[in-house]
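Structure record follows, encoded as structure tokens.
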Amino acid sequence: MPAFINGFKITIRHFFSKRVTMQYPEEKWTVPEGYRGAPYLVKDTENRVKCVSCQLCEFVCPPKAIRITPPGPEGLPGVGNVEKGPKEFEIDMLRCIFCGFCQEVCPEEAIFLMKTYSLNGQSRKEMVFNKEKLLALGGVHQDKIMKWKNK
Amino acid sequence: MSVTNTENKPAPSPVEMIKVKVDGREIEVPKMMPDWQGKLQPTTMLQACNSVGIDVPHYCYHPKLPVVGNCRMCIMEFGTPVIGPDRKPVLNTDGTPKIARSVLPYEPSTPRGAIACATPVSPGMEIYPNSPATKQMRESVLESLLINHPLDCPICDQAGECKLQEYALEYGKSTSRFAETKVHKPKQVDLGPRIVLDNERCVLCTRCIRFTKDIIGDDVLGITHRGGHNTIATFPGTPFDNNYTLNTVDICPVGALTSKDFRFQMRVWFLKEAKSICASCATGCNIVVGSRENKVLRYEPRENEAVNSYWMCDSGRLNYKWINREDRITRLGGSRLKGETAWSSVLSDIVGVLSKAASGSVAIVASARQTNEELFLLKKLAVKYGAITDSVPRSDKGDAILLSTDRNPNSTGATLIGIAAAPMGSNLPKIAEGIRVGQIKTMVVFGEDLTQHGIGSDLLGKLETLIVSDILRNQTTALAHYLLPGCAHVEKRGSFVNVKGRVQRFTQAIDSKGNSRPEWEFLSEWVSLLGAPPCGVGVVANIESLFNQMAQETPGFAGLTWAQIGDAGMIAQVHS
Ligand code: SF4
Ligand code: SF4
Ligand code: SF4
Ligand code: SF4
Ligand code: FES
């Protein structure tokens, strides 16, 4: 009996204390600064793709989630004086482990791990994000470095 | 046999040795060593270091180009024995010869280096390739080379195989002390039809200039402007366009000269490399095939002094695109095939059909682009069926550098094995005539479109059985009753004999496509279906034993084994 009362006390205490659980997914967690979520590509403030297709991230990525198609000798159409950029850039979000190596190795500050932590899709194919999608999700990187501005 | 061995043998030279000390180790080096042309010249500090396996960082030095000593990267501290007034060496108290380290004459506390690539060694000399002074001098040279260098590595095709990157890692600083504005020079310059130049990346080593002037004899490159604005350029109105331009891309130690063909195709660290042979002419330049995910991306020359030195021609280097073509023959075909078929059933069908062929009614044409092993197996078939055989000669304009007039990679092999008629191609009209009069009823064709070589579609149409193996579709494959998909040479192993009688083997760089198989594989199955003797090959499962068997049975290859040939090749017994 005393054991039952003690147990019930704990229950009552928790019943009236502050809630620690969250009604996910209706309610979402506030992601702290510096959180490493999904990696996306960014553009500079003048709308140029910052990635130059150096393929270092493809090389360093531990689960081989990244796949880049270099532009080849023909280059890319409509990019002005940008000498090199990726023809296609794919990240398999099912493979990505959000390790941040790609961001760390990137010499151009073109890829960043953002705050997205929950990615869903109907098929495996849908979870392979292409260049267009990665750039749309990544948005613009606000800083002064503009590699191609004065080339 | 009409082939003769014309390869030069180096004459044995009298060797006078001198004693020097490298890094504290006493070594003996020859007093004279061959220079870039093979002429004997006083041995340099660089050669002495290399002979004991010590690498000397360098940009402008190349073993096959004249020494100019302009990059200063090979600079080193050294010392020479002190000679007394009596012309005798001065000794230390312990009896060892006294060495005077090289110093600036007006400032004896400062070491004075010498460039290792152009400084001859002398008896008793001491070389300090790793001394603090040597390191400091190298660091300074590198720092000055990097002053105006752009931060281009992420977009530079040389990255990963760049000497500037390598030495910067060893001798460089992570930050630049250069606060001024960098000099900007022309970038993405169209130097010729196959070469792009980025002047900002150039370290002005002049290797490209010396190569095209002294090796090729096409003196079109030079340096214009002065000082920090030095720029590599062609003479106005003269494009850099000879058949060897792409070699400058290989020897350019940095990313200044890059190949238009390979430009932005793939970063080099993703390339899988395989030792191979160029199959575009009978010289058989040694190459390295770079591929990724079964796609060939580039050929590069591989050093072999007996064949191509460090070079290869542009036409051979760029002749790989057909391998990646989408319309390759990748499955078994031919008009006698019903539905999906397996290799084993097709081969036994063929053996069945051919077993009924009368002796003298079969002809075999095997390309001199096939490997020795394949030709050897085809020769066995020819003996078995009593067939008339030949290959197709292929010639075009050659040059005095590398390109041979014979554009078959294995004419010598086809002759040695006895598949090719003497002279090659002389049986082709006889075969055509045989078909016309109805004597030849069955043909086996490997790797040739006979409609281009005097046996037209009308004649091929008259045959009772036409068995064809090829890689790309053509008019002959269209008429085949049995079509066997074969492999490009980079998709299999094998050997060729070059125009000088050198047997050279090549390794597999990429996988075979679809259902295609290396010809030697299915040919050895075919031969083994005929029963062991007279073929004797039985269950040959690998290229080594097939080659060794061929060497035993073919006089030209007597005494050779697959293992012995090695990467550099060996001379076959081509004298009759
Ligand atoms: S975060 Fe890690 S796993 Fe994900 S793409 Fe970047 S390197 Fe690859
Ligand atoms: S994202 Fe960065 S590391 Fe990856 S290819 Fe582009 S520039 Fe290179
Ligand atoms: S030449 Fe070498 S150091 Fe210069 S940008 Fe190219 S890879 Fe980098
Ligand atoms: S282009 Fe290359 S090979 Fe020619 S001088 Fe410059 S660094 Fe040397
Ligand atoms: S290698 Fe350039 S000076 Fe010696």
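The values are calculated or read from the model by the stated rules, or taken from the named source; none is laboratory data. Owing to the predicted nature of the structure, the values given are computational and were not obtained by experimental measurement. Quick reminder, even Gly has a Cβ in these numbers, built from the backbone with ideal geometry, and neighbours come from all protein chains shown. Note: accessible area is taken over every heavy atom of the protein model, side chains too, but ligands, DNA and RNA are not part of it. Shrake-Rupley method; radii C 1.70, N 1.55, O 1.52, S 1.80 Å.
Annotation: average projected area of chain B is 32.6 square nanometres, based on the convex hull of Cα atoms across all directions. Mind checking the per residue accessible area of segment B:343-575 for me, 1.4 Å probe, whole number of Å²? Using a 1.4 Å probe on heavy atoms only, each residue of segment B:343-575 averages 36 Å².
Built from the Cα atoms of segment B:343-575, the convex hull projects on average onto 12.4 nm², one quarter of its surface area.
Per-residue accessible area (protein heavy atoms, 1.4 Å probe) orders A:E132, B:E305, B:E126, B:E180 as A:E132, B:E180, B:E305, B:E126, starting from the largest. Could you compute the FRET efficiency for A:T30 and A:Q142, with r as their C-beta to C-beta distance and R0 at 30 Å, rounded to 0.05? The computed FRET efficiency comes out at 0.90.
Average projected area of the Cα convex hull of segment B:178-324, in nm²?
10.3
With both residues required to sit in the protein assembly as shown, DSSP beta bridges show an antiparallel share near 75%. Taking a virtual spin label 7 Å from the Cα of B:N230 along the C-beta vector, which residues in segment B:46-87 bring their backbone nitrogen under 19 Å of it? The answer is B:57-63, B:65-76, whose backbone nitrogens lie closer than 19 Å to the label point. Altogether, the Stokes-Einstein calculation at 20 °C and 1.002 mPa s, with the Kirkwood radius of segment A:1-121 over Cα pairs as Rh, returns a diffusion coefficient of 120 µm²/s.
Note on A:48-55: average number of Cβ atoms from other chains within 10 Å of each residue's Cβ is 3.
Among DSSP beta bridges whose residues both lie in segment B:343-575, state the antiparallel percentage, nearest 5.
30
Accessible surface computed residue by residue for segment B:17-146, with neighbouring protein chains in place and a 1.4 Å probe, gives 52 Å² per residue.
Angle of helix B:543-553 to the longest C-alpha principal axis of chain B, folded into 0 to 90 degrees and rounded to 10: 70°. Applying D = kT/(6 pi eta Rh) to segment A:39-90, where Rh is the Kirkwood radius over alpha-carbon pairs, T corresponds to 20 °C and eta to 1.002 mPa s, the Stokes-Einstein value obtained is 181 µm²/s.
The shape of the protein assembly as shown comes out oblate: with a ≥ b ≥ c from the C-alpha gyration tensor, a/c is at least 1.5 while a/b does not beat b/c.
Rg and Dmax, both from the Cα atoms of segment B:17-146 and both in Å, are 15.1, 48. Counting only protein chain heavy atoms and rolling a 1.4 Å probe, the accessible areas of B:F506, A:F98, B:F178 rank, largest first, as B:F178, A:F98, B:F506.
Extent along the principal axes, Cα only, for segment B:349-483: 50, 28, 26 Å, with the longest axis given first. Treating each Cα of segment B:453-520 as one equal point scatterer and applying the Debye formula with no solvent, the log10 of I(q)/I(0) at q = 0.22 Å⁻¹ comes out as -0.92. Angle, helix A:2-16 long axis vs. longest principal axis of chain A, Cα atoms, 0 to 90°, nearest 10? With both axes taken from Cα atoms, the answer is about 40 degrees.
Of the trypsin sites (Lys or Arg not before Pro) found in segment A:70-102, the ones in coil according to DSSP and having at most 16 other Cβ atoms within 10 Å of their Cβ are A:K87, A:R95. Beta-bridge orientation, chain B: approximately 75 percent antiparallel, per DSSP, counting only bridges with both partners inside.
For chain B, the longest principal axis of the Cα atoms and the long axis of helix B:372-385 meet at an angle of about 10 degrees. In the structure displayed, which of B:K338/B:K384; A:K149/B:K185; B:K182/B:K272 lie more than 26 Å apart, Cα to Cα? Distance filter (> 26 Å) returns B:K338/B:K384; B:K182/B:K272.
Tell me, what is the percent relative contact order of chain B, built from C-alpha pairs under 8 Å that lie six or more residues apart?
Taking the mean separation of contacting Cα pairs over the length of chain B, I get 11 percent.
The modelled label-to-label distance between B:L169 and B:N50, using points 7 Å beyond Cα along the C-beta direction, is 2.2 nm.
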